[in-house]
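A.B. asks: Okay, handing you the structure first.
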Amino acid sequence: MKRLLFAIALLNLLPLEALAETPEEKGLAIAVEADKRDLGWQDSKASMRMILRNRQGETSERQIRTRTLEVEGDGDKSLTIFDHPADVKNTAFLSYTHAIKPDDQWLYLPALKRVKRIASANKSGPFVGSEFAYEDISSQEVKKYSYKWLRDEVFDGQDAFVIERIPQYKHSGYTKQHAWIDKEHYRTLKVDYYDRKGALLKTLVLSDYKQYLGKYWRAHKMEMQNHLNGKSTTLTWSDYEFRNGFTDRDFDRNTLKRIK
Amino acid sequence: MSGVVGKAFIVFSTLLFAIVAHAVDWRISGFISGQFQGFFEEPLDPIQSDTNLSIATRPEFYTEWNNGLDSFTFTPFARLDQRDDERTHFDIRELNWLHVGRDWELRVGAGIVFWGVTESRHLVDIINQTDLVENIDGEDKLGQPMIDLSLIRDWGTLSFFVLPGFRKRTFPGPEGRPRIHPPVNADAAIFESDAEEEHIDLAVRWSQAIGNWDLGLSHFHGTTRDPRFALDTSVPGRPFLVPIYEQIDQTGLDAQLTFNSWAWKLEAIRRSGQGESFFAATGGFEYTFYGVFESATDIGLVAEYLYDQRPVETRSPFENDVFTGLRFTLNDPQSTEALMGCIFDLDSSSRFCNIEASRRFGDRWVGSLELRTFSSVPRLDPFFTLRNDDYIQFELAYYF
């Protein structure tokens, strides 16, 4: 009976072809569509300013440049170069992200001129002392989660889907995530992260979206609030450039060692 | 830096420097630091002191052109030491031009190259000479003149090194501390090759990442970076050690297997040319507990076994030893971290312990602490004369 009522309710809200969809199928379809709309950008580079704020409101700042190479059928490759604070200048981080199997990660330590392979189980660990975990900044692949559509909701004046994502990869710090995805452009507007005990741990709000190459949307502001420790991190992105002609060679350990 | 070839290199690099000095976009970074060292026990030699102050700087001048495919780096280093004239020194860590091709890279000039994976000892790392007066951990290196051509292919990176101009290891002077006794007279070095410091050394290295494995295979032919010593008693009452730099061949292997929270590491070398040829290896693991006690802190557990076929009398202190250590990474905005550990000699009760910790203050200051102790060192151990040189060191560095 419940199911019938649910179906009738759906009938009023949705086009006919959606009828056959379970919430899981619908959630997956939304993720697939979002992924499809972000295919083909090839490569990008950008600058990022990161403001870390503690419970007392004290701040510290990081400046980072990133380069990313789109890899079809797998996670992206990315190279992160640190400019500030000055003591970590010339430090660089190379990551080959994957959907299910662990990411391959190398860190270049300029003081010793040493490239160090980093263990891959640190997905839930903080990225450079921020409230962003490695898994939050890793490329978002469809296969990383199982999905479930929860409801439709207006967020910040935009019609959005709310979907639940459950990490399928090992070593995640989350039991689930709830993501708000706008219906018009399939951009992620907000994510709630639930910790291993199922409590709401963090909320990420993405805003200031700009479109590139007439197709690809990138958020220029990302605010992560940690509800448990009261700390927050704000990322401000700038200088996005697409299709720089990067190849695998720009994301190898030789490049990691010399990039500045 | 001495030797005709070495000088030619400096001239070449200086010319290049003059050319690129016209470049508009110089990026300057680096640090200036002040350091205090305090020793807990009476020195073995009354000429030595219980405390020491010094300042150092290492600016880096970098410019790139041709869309980043060409770059030039100049990194001088200088330290002014209160007590030790040998530790007051200047070096050119880097002065080189790098050209990046599609599947190759060429670096010409003075530079620093690191090879290896283990934490307690760096056996495979051989391109650069150790700047021992900086720190007895041997991780500070002198700039090495080189031509390094690297071919970057699907099957890995193959690097060829031509190394003109040998760099002698730096050693603390008589007033310096910590140091072995009697002191080493670095300038009195003896060379096996008639070319002495102008011998052109050669090296080749293949490296590749295959799945979870990072592998490196290398060979070096030339003047050893790691001298043996002769005792010179020609000055009555003032004996000193003379470094002997022999011609060696060294083949090295380094491998790391990384999975989940594990990193398994191995470095092994075979060296010939300094008496009987010998084998040495360091191997072990680092296991990391991520986010312990529901905090952001990671704790890494490091354990390595150190083997060296050379007997302990020949001044290899790590002939049959175990290193165990803990690495704390707080993952906080101040990047607080600490590494503490000991190397235990399994054939004696000898123990060499270290604590290294650092933290950022504000945006531009980094404070660091170092504590090193030498315990129960037997008479035959090369560390025997360091037995009174336990020390603590504070450093404050300003980064620009």
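A.B. asks: Can you pull out every residue in the stretch A:29-84 that is buried (at least 17 other Cβ atoms within 10 Å of the Cβ), of a type in the set (A, V, I, L, M) and under 30 Å from residue B:364 (Cα atoms)?
C.D. replies: Answer for the stretch A:29-84, where residues must be buried (at least 17 other Cβ atoms within 10 Å of the Cβ), of a type in the set (A, V, I, L, M) and under 30 Å from residue B:364 (Cα atoms): A:46, A:48, A:50, A:52, A:64, A:79, A:81.
A.B. asks: Next up: Could you name every one of the strands (runs of 3 or more DSSP E) located completely within the stretch A:61-137 that has at least 2 residues being more than 10 Å from chain B (Cβ to nearest Cβ) and either in contact (Cβ under 8 Å) with a residue 40 or more places away in the chain or not aliphatic (A, V, I, L, M) (or both)?
C.D. replies: Where strands (runs of 3 or more DSSP E) fall fully within the stretch A:61-137 and carry at least 2 residues being more than 10 Å from chain B (Cβ to nearest Cβ) and either in contact (Cβ under 8 Å) with a residue 40 or more places away in the chain or not aliphatic (A, V, I, L, M) (or both), they are A:77-84, A:92-96.
A.B. asks: Identify, from the list B:166, B:114, the residue that is in contact with a His (Cβ under 9 Å, 6 or more places away or on another chain), modelled with pLDDT of 95 or more and under 25 Å from residue B:341 (Cβ atoms).
C.D. replies: The unique qualifying residue is B:114.
A.B. asks: Right, something else. When you go through (1) touching a residue at least 60 places away in the same chain (Cβ under 8 Å); (2) within 13 Å of chain B (Cβ to nearest Cβ); (3) part of a loop (DSSP other than H, G, I, E, B) one by one for residue A:56, which number turns out not to apply?
C.D. replies: (1)
A.B. asks: I would also like to ask the following. Of all residues in the stretch B:151-163, which are surrounded by fewer than 20 Cβ atoms within 10 Å (Cβ to Cβ) and either within 22 Å of the chain's Cα centre (by Cα) or in contact (Cβ under 8 Å) with a residue 60 or more places away in the chain (or both)?
C.D. replies: B:160, B:162
A.B. asks: Could I ask something else about it? Scan the stretch B:374-389 for residues that are without any contact (Cβ under 8 Å) to a residue 60 or more places away in the chain and either touching a helix residue (DSSP H, G or I) at 6+ places or on another chain (Cβ under 6 Å) or not in a loop (DSSP other than H, G, I, E, B) (or both) and report the count.
C.D. replies: Residues meeting the conditions: 4.
A.B. asks: Checking the condition out of contact with any Gly (no Cβ under 6 Å at 6 or more places or on another chain), closer than 16 Å to residue B:136 by Cα and surrounded by 17 or more Cβ atoms within 10 Å (Cβ to Cβ), which residue from B:337, B:395 passes?
C.D. replies: Numbers: B:337 fails: closer than 16 Å to residue B:136 by Cα.
When all the criteria are applied, what remains is B:395.
A.B. asks: Just a yes or no: is a residue in the stretch A:164-174 under 19 Å from the mean Cα position of the chain (by Cα), surrounded by fewer than 18 Cβ atoms within 10 Å (Cβ to Cβ), within 24 Å of residue A:22 (Cβ to Cβ) and not hydroxyl-bearing (Ser, Thr, Tyr)?
C.D. replies: Yes, some residue in the stretch A:164-174 is under 19 Å from the mean Cα position of the chain (by Cα), surrounded by fewer than 18 Cβ atoms within 10 Å (Cβ to Cβ), within 24 Å of residue A:22 (Cβ to Cβ) and not hydroxyl-bearing (Ser, Thr, Tyr).
A.B. asks: Considering the stretch B:71-105 alone, what residues qualify as being assigned to a strand (DSSP E or B), more than 14 Å from every other protein chain (Cβ to nearest Cβ) and of a type in the set (Val, Ile, Thr)?
C.D. replies: Filtering the stretch B:71-105 down to residues assigned to a strand (DSSP E or B) leaves B:71-81, B:89-100, B:104-105.
In the following step, the residues that additionally are more than 14 Å from every other protein chain (Cβ to nearest Cβ) were identified as B:76, B:78-81, B:89-92, B:95.
Residue satisfying the conditions is B:92 alone.
A.B. asks: A follow-up question, please. Read through the list (1) surrounded by fewer than 18 Cβ atoms within 10 Å (Cβ to Cβ); (2) at pLDDT 95 or above, then give the number of the only condition that residue A:156 fails.
C.D. replies: If we test residue A:156 against (1) surrounded by fewer than 18 Cβ atoms within 10 Å (Cβ to Cβ); (2) at pLDDT 95 or above, just (2) comes out false.
A.B. asks: Restricting to the stretch A:138-159, give me the number of residues that are touching a residue at least 24 places away in the same chain (Cβ under 8 Å) and either under 19 Å from residue A:231 (Cα atoms) or not polar (S, T, N, Q) (or both).
C.D. replies: 14
A.B. asks: Another question, then. Using the structure shown, decide if residue A:31 is touching a residue at least 12 places away in the same chain (Cβ under 8 Å) and assigned to a helix (DSSP H, G or I). Explain how you work it out, then say what you get.
C.D. replies: On the way: touching a residue at least 12 places away in the same chain (Cβ under 8 Å): yes; assigned to a helix (DSSP H, G or I): yes.
Yes; evaluated as a whole, the condition is true for this residue.
A.B. asks: Okay, next question. Of B:107, B:102, which residue is surrounded by fewer than 20 Cβ atoms within 10 Å (Cβ to Cβ) and among the basic types (Lys, Arg)? Step through it out loud before you land on a result.
C.D. replies: Values: B:107 fails: surrounded by fewer than 20 Cβ atoms within 10 Å (Cβ to Cβ).
One residue alone meets the criteria, B:102.
A.B. asks: Among the residues of the stretch B:29-70, write down those that are more than 14 Å from every other protein chain (Cβ to nearest Cβ) and in a strand (DSSP E or B).
C.D. replies: Of everything in the stretch B:29-70, those that are more than 14 Å from every other protein chain (Cβ to nearest Cβ) and in a strand (DSSP E or B) turn out to be B:34, B:35, B:36, B:37, B:38, B:39, B:51, B:52, B:53, B:54, B:55.
A.B. asks: Looking only at the stretch B:280-297, count every residue that is modelled with pLDDT under 95 and charged (D, E, K, R) and tell me the total.
C.D. replies: Number of matching residues: 1.
A.B. asks: Just need a number here: residues in the stretch B:343-359 that are within 27 Å of residue B:331 (Cβ to Cβ), among the polar types (S, T, N, Q) and surrounded by fewer than 17 Cβ atoms within 10 Å (Cβ to Cβ).
C.D. replies: So the answer is 0.
A.B. asks: Please work out if residue B:217 is surrounded by fewer than 20 Cβ atoms within 10 Å (Cβ to Cβ), part of a strand (DSSP E or B) and away from chain A (no Cβ under 14 Å). Before you say what the answer is, go through the steps one by one.
C.D. replies: Numbers: surrounded by fewer than 20 Cβ atoms within 10 Å (Cβ to Cβ): yes; part of a strand (DSSP E or B): yes; away from chain A (no Cβ under 14 Å): yes.
So residue B:217 passes the test.
A.B. asks: Does residue B:258 satisfy the condition of being among the β-branched types (Val, Ile, Thr), touching a residue at least 24 places away in the same chain (Cβ under 8 Å), more than 24 Å from residue B:145 (Cβ to Cβ) and part of a strand (DSSP E or B)? So that I can check it myself, show each step before the final result.
C.D. replies: Numbers: among the β-branched types (Val, Ile, Thr): yes; touching a residue at least 24 places away in the same chain (Cβ under 8 Å): yes; more than 24 Å from residue B:145 (Cβ to Cβ): yes; part of a strand (DSSP E or B): yes.
For residue B:258, the condition - among the β-branched types (Val, Ile, Thr), touching a residue at least 24 places away in the same chain (Cβ under 8 Å), more than 24 Å from residue B:145 (Cβ to Cβ) and part of a strand (DSSP E or B) - is met.
A.B. asks: Same structure again: Which one is farthest from residue B:214 (Cα to Cα), of the residues in the stretch B:249-272 that are modelled with pLDDT of 95 or more and of a type in the set (Gly, Ala, Ser)?
C.D. replies: Top of the filtered list is B:272.
A.B. asks: Report the residue count in the stretch B:212-247 for those that are closer than 30 Å to residue B:262 by Cβ and either in contact with a helix residue (DSSP H, G or I) (Cβ under 9 Å, 6 or more places away or on another chain) or without any contact (Cβ under 8 Å) to a residue 12 or more places away in the chain (or both).
C.D. replies: 1
A.B. asks: Another question about this same structure. Taking the conditions exactly as written (more than 14 Å from chain A (Cβ to nearest Cβ) and either within 24 Å of residue B:137 (Cα to Cα) or buried (at least 20 other Cβ atoms within 10 Å of the Cβ) (or both)), does residue B:230 satisfy them or not?
C.D. replies: Details: more than 14 Å from chain A (Cβ to nearest Cβ): yes; either within 24 Å of residue B:137 (Cα to Cα) or buried (at least 20 other Cβ atoms within 10 Å of the Cβ) (or both): yes.
So residue B:230 fits the description; yes.
A.B. asks: Can you go through B:296, B:263 and tell me which one is among the small types (Gly, Ala, Ser), in a strand (DSSP E or B) and surrounded by 17 or more Cβ atoms within 10 Å (Cβ to Cβ)?
C.D. replies: Numbers: B:296 fails: in a strand (DSSP E or B).
Within the list B:296, B:263, the selection yields B:263.
A.B. asks: Can you name every one of the strands (runs of 3 or more DSSP E) wholly within the stretch A:181-260 that holds 3 or more residues which are more than 14 Å from chain B (Cβ to nearest Cβ) and over 14 Å from the mean Cα position of the chain (by Cα)?
C.D. replies: Details: elements: A:188-194, A:200-212, A:216-226, A:232-242.
By residue number, A:200-212, A:232-242.
A.B. asks: Tell me, which residue of the stretch B:287-296 that is closer than 17 Å to residue A:201 by Cβ and of a type in the set (Ser, Thr, Tyr) is farthest from the other protein chains (Cβ to nearest Cβ)?
C.D. replies: B:295
Listed here are the residues, each with its yes/no results for (1) more than 11 Å from chain A (Cβ to nearest Cβ); (2) not in a strand (DSSP E or B).
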| residue | (1), (2) |
| --- | --- |
| B:107 | no, no |
| B:114 | no, yes |
| B:128 | no, yes |
| B:136 | yes, yes |
| B:139 | no, yes |
| B:146 | yes, no |
| B:152 | no, no |
| B:169 | yes, yes |
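A.B. asks: As an exercise: evaluate residue B:258 against (1) buried (at least 21 other Cβ atoms within 10 Å of the Cβ); (2) among the hydroxyl-bearing types (Ser, Thr, Tyr); (3) away from chain A (no Cβ under 14 Å) and give the number of the one condition it does not meet.
C.D. replies: Against the list (1) buried (at least 21 other Cβ atoms within 10 Å of the Cβ); (2) among the hydroxyl-bearing types (Ser, Thr, Tyr); (3) away from chain A (no Cβ under 14 Å), residue B:258 comes up short only on (3).
A.B. asks: Only residues in the stretch B:132-144 that are more than 18 Å from residue B:173 (Cβ to Cβ) count as the first member; pair them with residues that are assigned to a strand (DSSP E or B) and of a type in the set (Gly, Ala, Ser), Cβ under 7 angstrom, at least 6 apart or cross-chain, and list the lot.
C.D. replies: Note: pairs meeting the criteria are B:143/B:110; B:143/B:111; B:144/B:110; B:144/B:111.
The values are calculated or read from the model by the stated rules, or taken from the named source; none is laboratory data. The shown structure was predicted, so the numbers you read here are calculated from the model rather than taken from an experiment. Quick reminder, even Gly has a Cβ in these numbers, built from the backbone with ideal geometry, and neighbours come from all protein chains shown.
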